[in-house]
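Working notes, beginning with the structure itself.
The values are calculated or read from the model by the stated rules, or taken from the named source; none is laboratory data. Since this is a predicted model, take the numbers as computed values, not measurements. All Cβ positions, even for glycine, are placed from backbone atoms using ideal geometry, and neighbour counts span all protein chains on display. Side chains are part of the model used for accessible areas, which takes the heavy atoms of the whole protein and leaves out ligands, DNA and RNA. Shrake-Rupley method; radii C 1.70, N 1.55, O 1.52, S 1.80 Å.
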Amino acid sequence: MLEFQPGTGTWGVGLVVAFDLPCQVQRVDVGGRFFGLLFRISCDGLTLNRRGPPLHRSFVDAAAAADFDLLGQVLPAGALWVKYDWAMVTSVDVARHLGLSQSTVSRALRGDPAVAPSTKERVLSGARELGYVPDAAARMMVTRRTHAVGIVVADLTSPIYPVIVESLQNRLLERGYRMVLIRDPDISPDPEAVDVLDRATVDGMIFVSAREGSAAVRRVLDRGTPVVLLSRDDVSVDVEAVLADDRGAGELVISHLQGLGHTRIGVLSTLRDRSNGRDREDGVRAAMERRGIPVREDWIQHLRLTHEDGVRAALEMLDRQDRPTALFCVTDAFAFAAMDAAAQLGISVPNELSIVGFDDSGPSRWAFVNLTTVHQPIAEMSYEAVDRLAGRIEGEPPSQARKPVFPVRLEIRGTTAPPPQAVLRPPLRSSV
């Protein structure tokens, strides 16, 4: 009896042919460009067939010549390893074959309505001719890749995260990847949630939320999955990161506030294990110290990333006689919380309190918000993160600049103004 079994090797993939008794190989056929790669081995009147995904004709011929020179051999009882190297037809091959751009071919294969019907039909015809495999399951079998990328975020209720996720998804689609979204396991109720995204599920992961020393990042790296950090860093692990100039933003913020006359400046910051919030806070501290502006530790609050924590901290800082005239918030979400607290206390923004955020999120531009905030180029940073991760997945050598830093700018809007003449006033409500 002959039996085919799937096999894997150190390179390529292959089949194991098992024999109950010795037999002489009488015929070996390898063929089939349009309907898959067909293996047919006949031994002493017994014939087995097995079909695999479609390949280029040249690859089929090469496989036959290199790996199927079995005719006339007497095979002993036992098992024979038959190896062959898969070489998948890609959209690049289709584009080259048709003389079209790769982007046109990709859009046609995705069914983009902007592609002319005649062009789409030409692309589909060429893809069929070359044996292009668009099905995700078939492509995974051929390439041993899922063409999916895991995106780890902290909380989609933050106004900046949907913008980041949309930018990442747009670039992933352009690069031929799907997105799998998961909440940061370090803060979610299921600390092992990231473990479901193993190498059989995703080809790589982008952490948009990661604490320094994150156990989740370490677990993913330890199992060999490529990782890129976006808008945060972790010096405790060897990983690529795409960053904004968080420290440099402090100079922009303090220069603006001092120019308006502010010297009583408070900060709503993240917990210190969040590298982006920490760097933004440290940048402001350094800029104040350079200018001789006092840094009041009781005016610097370290918070969890929730609106409620932001409101509570702002209320405690503002509902006192000795209070700041300006607040720098390391996220727009904290700035909105500070505006909420000011409204509860009857403090006018910006006449009595100036507020600066960081992110330049969509709501910050709304007319009734009109927040002065630091802009970071989210789309460009997201594209860079995807391109770097795709490069690692596809075997490209890493860039020499493993942690590029993108410049930021201050968007001056309606929440900053000169400080009021009298900054000392009684508390506006009883202490909590």
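Some points to look at:
- A simple count of charges around H262, restricted to other residues whose Cβ falls under 13 Å of its Cβ and scoring Lys, Arg +1 and Asp, Glu -1, yields +3.
- Here the Karplus curve 6.51 cos²θ - 1.76 cosθ + 1.60, taken at θ = phi - 60°, turns the phi angles of the range 304-317 into couplings of 6, 7, 10, 4, 4, 5, x, 5, 4, 5, 5, 4, 5, 6 Hz, with x standing for Gly and Pro.
- Computed log₁₀ I(q)/I(0) - Debye formula, equal Cα scatterers, no solvent, the range 247-397, q 0.09, 0.12, 0.21 Å⁻¹: -0.30, -0.51, -1.37
- Extension gain from R291 to A379, taking 0.36 nm per residue of separation minus the Cα-Cα distance: 28.3 nm
- In this structure, the amide hydrogen of M179, modeled 1.01 Å from its nitrogen in the peptide plane, lies closer than 5 angstrom to those of V149, counting only residues at least 5 positions away or on a different chain.
- Modelled spin-label separation between D282 and R122, with each label point placed 7 Å from Cα along the Cα-to-Cβ direction: 5.6 nm.
- J(HN,Hα) series, the range 108-124, from Karplus relation 6.51 cos²θ - 1.76 cosθ + 1.60, nearest Hz, glycine and proline x: 5, 5, 7, x, 4, x, 6, 7, 4, x, 5, 5, 4, 5, 5, 5, 5
- Close amide H pairs (under 5 Å, H built 1.01 Å from N) link F406 with L243, A244, D245, residues at least 5 positions away or on another chain.
- Probe 1.4 Å - accessible area at S103, Å² to nearest ten: 60 Å²
- Model label sites at A114 and V92, defined 7 Å from Cα along the beta-carbon direction, differ in position by 2.3 nm.
- ³J(HN,Hα), Karplus 6.51/-1.76/1.60, whole Hz, each residue of the range 259-266, x for Gly, Pro: x, 7, x, 7, 10, 10, 10, x
- Residue order for R178, R107 - accessible surface, 1.4 angstrom probe, largest first: R178, R107
- Near V227: Cβ cut-off under 9 Å, other residues only, Lys/Arg at +1 and Asp/Glu at -1. The net charge is 0.
- Per-q log10 I(q)/I(0), the range 273-345, q = 0.20, 0.27 Å⁻¹ (Debye; single scatterer per alpha-carbon; no solvent): -0.88, -1.37
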